[in-house]
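> Quick one: the structure is below, questions incoming.
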Amino acid sequence: MLPVMAAKPGVAIVGAGNLGTALALALRAAGYTIDALIARPRGEGLKRVRGLAKRVGARASNDLSDVRAELIWLCVPDGEIGRTAESLARQFEWKGRIAFHSSGALTSDELARLRRRGAAVASVHPLMTFVQGSRPSLTGVPFAVEGDARAVGLARRLVKDLGGRAYLTRKEDKAAYHAWGTFASPLLTALLATTEQVAVLAGVNRKAARARMIPILQQTLANYAAFGAAGAFSGPIVRGDVDTVKQHLRVLRGLPTARAVYSELACAALRYLPVKNRNSLKRILGSGRD
């Protein structure tokens, strides 16, 4: 019979980058003991990890064998998860332990080597962006969870303790799930970077453009939250203002990448959102789509 795990087991976090740091701080605040923070060999420096370890009352190490916790949470890049699991499998007894990784795209099978050694494993991914210098709250954040029943059970309790919301996902849906998340933040950021380039074309420098865009961006998100995509959509395309769209395409010839982004997003609007003069807009955009 497997040993009974404590309601709030001790946690070891492997990889204390932006995500690992946020999790360590949130878990500590939620009453979990952080047993150890393990620095990646070619990742964050041990000095930085020691600083975080002091804040959460943990040991700092760069030795994968220096793990005693019941729950081991891998917060390493996707390409390192399998190799890290392989290394961890050789270090100590895994029967009764639980291991998580936090890849949005990869399934719990990346930890199959640990599963074969007796661990219960799961992928536990927060749908949130983590960048240097920012520590977002995990309250209300959705976590996609899949894996072994015992590991999933712990993940659901842990996410609830963090103030988040756990949602079961299927292995075959992970890649699409992560693509969805990529649209929601990284590609949205790429769109904003492109938007700054268009501002420069209008004679506004990027720093000023960013400051001036914040009110309309905030209101757009507020409208989207309140009314959905269709209710939040405004501007010349929803009005079917063909002449204005023609002017936009003409002036954007000097920025081919921005023009391509504009055209593709406009075509997406024609497909997914209510617009007027749809056929005329299709012709000038050259979408050739139904």
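> What does the charge dipole of the chain about its Cα centre add up to, to the nearest 20 debye, if the Cβ of each Lys and Arg holds +1 and the Cβ of each Asp and Glu holds -1?
440
> Where the centre of each part is set by its Cα atoms, how far does the stretch 99-143 sit from the stretch 159-215, in angstrom?
Using only Cα atoms, the two centres lie 20 Å from each other.
> Given H placed on each backbone N at 1.01 Å, which residues far from Val14 in sequence or on other chains put an amide H within less than 5 Å of it?
Under 5 Å from the amide H of Val14 lie the amide H atoms of Ile38, Trp73, Leu74, Cys75, each far enough along the sequence or on another chain.
> Another one. Where does helix 18-29 land angle-wise versus the long Cα axis of the chain, in degrees 0 to 90, nearest 10?
The helix 18-29 is inclined about 60 degrees to the chain.
> Next up: I need the peptides 247-258, 55-66, 141-152 ranked by packing, meaning the mean over residues of other C-beta atoms within 10 angstrom, with the highest value on top. Write down the numbers at each step before the final one.
On the way: 247-258: 13.6, 55-66: 16.2, 141-152: 19.7.
Packing order, densest peptide first, comes out as 141-152, 55-66, 247-258.
> On to the next question. List the residues whose amide H sits under 5 Å from the amide H of Val124, counting only those 5 or more places along or on another chain, with H placed 1.01 Å from N in the peptide plane.
His101, Ser102, Ser103
> Over 23 Å between Cα atoms, which of Lys8/Lys95; Lys246/Lys276; Lys207/Lys276; Lys246/Lys282 qualify?
Beyond 23 Å: Lys207/Lys276.
> Run the numbers for Val131 and Ala230: contour at 0.36 nm per residue of separation, minus the present Cα-Cα distance, in nm.
Value of the extension gain: 32.6 nm.
> To the nearest 20 debye, what is the magnitude of the charge dipole of the stretch 85-150 about its Cα centre, counting +1 on the Cβ of each Lys and Arg and -1 on the Cβ of each Asp and Glu?
The dipole magnitude comes to about 280 debye.
> Could you state the angle between the C-alpha long axis of helix 242-251 and the longest principal axis of the C-alpha atoms of the chain, as a value from 0 to 90 degrees rounded to the nearest 10?
The two axes meet at around 70 degrees.
> Something else: Does anyone have the angle between helix 149-161 and the longest principal axis of the chain? Alpha-carbon axes, 0 to 90°, nearest 10?
It works out to around 70 degrees.
> Over the chain, calculate the relative contact order: mean separation of alpha carbon pairs under 8 Å at least 6 apart, over the residue count, as a percent.
Answer for the chain is 11 percent.
> Related question: Do you know the relative contact order of the stretch 11-172, to the nearest whole percent, from alpha carbon pairs under 8 angstrom that are 6+ apart? The partial results should precede the final answer.
On the way: 335 pairs, mean separation 29.4, N = 162.
Result for the stretch 11-172 is 18 percent.
> P(r) for the stretch 183-285, please, calculated from all Cα pair distances in 5 Å bins and given in %.
With 5 Å bins starting at 0, P(r) equals 2, 12, 19, 23, 24, 16, 4, 0.
> Where Lys and Arg each count +1 and Asp and Glu each count -1, what net charge lies around Gly140 among other residues with Cβ under 14 Å from its Cβ?
Within the 14 Å Cβ shell, the charges total +1.
Values in this text are rule-based calculations from the coordinates and carry no lab data. The model shown is predicted, which means the values in this text are computed figures rather than measured ones. When we count neighbours, we look across all protein chains shown, and the Cβ atoms used for this are built from the backbone with ideal geometry, even at glycine.
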